[in-house]
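Student: Right, I'll just put the structure down here and ask away after.
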Amino acid sequence: MDARSLGISEKFRPWHDAGLRLVFRDAFPAAQCAAEAPASSVAPAPAAQPAPHVSRETAKKSFHRPPKVQRAHHDNSQLKPGQVPQFLKNKEPRKPAPRPAPPQDGGPLFPWDEFRKRLHVPSRTVWTYWELGDDFGPTPSAERRQLFSNIIHHLKWPAGTITFWPLSAQHNGFLLPHPGNFWKGVREAQARTVFCFGNKAFQALFPGHEFSVSRRMKGGVEIFVLPGPGTMLAGNKADKCIVWNALSQYAHS
């Protein structure tokens, strides 16, 4: 048999001709073994299969689908009472969001020292209405001042009987209620009676209550709830009569 007919590599043919038949060596890598194998023994490569058809909508969905994240599972069944789970030990406590700073309005909400100069101490009664916070300011209403001046003139009460004290004050162009400072002034004046004129003044002292002409008690002080200066200045004769009758009856009580 011709040795050249054997399917061996040419680099091993001199050894074969010299009589060498068996050689012990390490296994070759698969790629080297395939290269050195006889042509007849190499299995043909499988034919390439056509790629499956993928629609444009399917490809678009697959491209935009987010990857799934495997969440770690923590077994807390073996924890002792009061013991913190391991996955929480290294976490920093969440800090509360800082509170916004209050707006800088450039002045006090209730100018107590400025208003205090007009408080007569002692006084038997305190008169108040919502707009008094404006009338205690630099631009008072001449109509309201004249209205109450006429009432007081015709009542002819003795000195030390009446003092005006506001329950509102200007802040950034708006009147804001200050019932706490109002009652502080009432106590300082040692007043036993308050005449509260108008619904807005009444709501500042009794929030959520329905306005009605009435007599009430609060903190040991008697309160007369009467119509406000706005309706009297508008010419409401009924409200004028209610105010005058209440003040006249009080003077003779």
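The values are calculated or read from the model by the stated rules, or taken from the named source; none is laboratory data. From a predicted model like this one, the values you see are computed outputs, not experimental measurements. Virtual Cβ from ideal backbone geometry, glycine too; neighbours counted across all protein chains shown. In case anyone asks, the SASA skips ligands and DNA or RNA and just uses the protein heavy atoms, side chains included. Shrake-Rupley method; radii C 1.70, N 1.55, O 1.52, S 1.80 Å.
Student: Quick one: in segment 243-253, of everything that is part of a helix (DSSP H, G or I) and open to solvent by 40 Å² or more (accessible area, probe 1.4 Å), which residue is modelled with the lowest pLDDT?
Tutor: Ala251
Student: Next question, about the same structure. Filter segment 183-202 for residues that are free of Cβ contacts under 8 Å to residues at least 60 places away in the same chain and open to solvent by less than 60 Å² (accessible area, probe 1.4 Å) and give the result.
Tutor: Scanning segment 183-202 gives Trp183, Phe202.
Student: Going by the conditions given, is Lys240 touching a residue at least 24 places away in the same chain (Cβ under 8 Å) and open to solvent by 30 Å² or more (accessible area, probe 1.4 Å)?
Tutor: no
Student: Within segment 203-237, work out how many residues are of a type outside the set (S, T, N, Q), open to solvent by less than 60 Å² (accessible area, probe 1.4 Å) and within 20 Å of Ser149 (Cα to Cα).
Tutor: Matching residues across segment 203-237 total 9.
Student: Mind counting the residues in segment 142-174 that are open to solvent by 50 Å² or more (accessible area, probe 1.4 Å) and among the polar types (S, T, N, Q)?
Tutor: Going through segment 142-174 one residue at a time, the tally reaches 5.
Student: Same structure, new question: Select from segment 188-208 the residues that are out of contact with any Ser or Thr (no Cβ under 9 Å at 6 or more places or on another chain) and more than 14 Å from Ile223 (Cα to Cα) and list them in ascending order.
Tutor: Glu188, Pro207, Gly208, listed by residue number.
Student: Take the residues in segment 112-141 that are in a loop (DSSP other than H, G, I, E, B), in contact with a strand residue (DSSP E or B) (Cβ under 7 Å, 6 or more places away or on another chain) and open to solvent by less than 40 Å² (accessible area, probe 1.4 Å), then tell me which one is modelled with the lowest pLDDT.
Tutor: Among them, the one singled out is Gly137.
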